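Below is a structure I'd like to ask you about.
Every number in this text was worked out from the coordinates using simple rules, so none of it is lab data. What you are looking at is a predicted structure, and each value in this text was computed from that prediction instead of being measured. Every residue, glycine as well, gets a Cβ built from its backbone with ideal geometry; the counts of neighbours run over all protein chains shown.
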Amino acid sequence: MNNRLGVAIAWLTFCLLLAVAGTALLLWPAGALAADAPGATRAAIDSSWVFVGAALATGLSSLGAGFAVAKVGTAAVGALAEKPDLFGRLLIFIGLAEGIAIYGLIVSILMLNRLG
């Protein structure tokens, strides 16, 4: 197996496991974890899961954006060394990769605004 393919499969598996764990945390019945907690209300428990979801949205999208910018930026520098006139096009590609983190931040802000 090619080394790059192995690394790609490892990253894909890691991201898949994080997605499954995050989905399981968000879909788990909120009362099941803190059913015996004295004084815990259902609304307080549900709002804590919104915080977990917002943290996952921001953290995982930032992780994905960092990985994408690293890959696209490396390729952009290589292409820029051969053809300097491609600077504008390459900057757009890096901006698109960075947009992943902004989308995650927007989703987390929307989730937190639903609490109020």
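Once fully extended, how much extra length lies between V107 and L91, figured as 0.36 nm per residue of separation less the alpha-carbon to alpha-carbon distance?
Details: separation 16, 0.36 × 16 = 5.76 nm, distance 2.46 nm.
Contour length minus Cα-Cα distance gives 3.3 nm.
Quick check: pseudo-label points 7 Å beyond the Cα along Cα→Cβ at L80 and S47, how many nm apart are they?
4.6
Another question about this same structure. If you stretched the chain out fully between L17 and L63, how much longer would it get, using 0.36 nm times the residue separation minus the C-alpha to C-alpha distance?
15.2 nm
Measuring from a point 7 Å past the Cα of A10 along Cα-to-C-beta, which residues in the range 55-92 have an amide N at less than 20 Å?
Within reach of a label on A10, which here means backbone N under 20 Å from a point 7 Å along Cα→Cβ, the range 55-92 contributes 63-72, 74.
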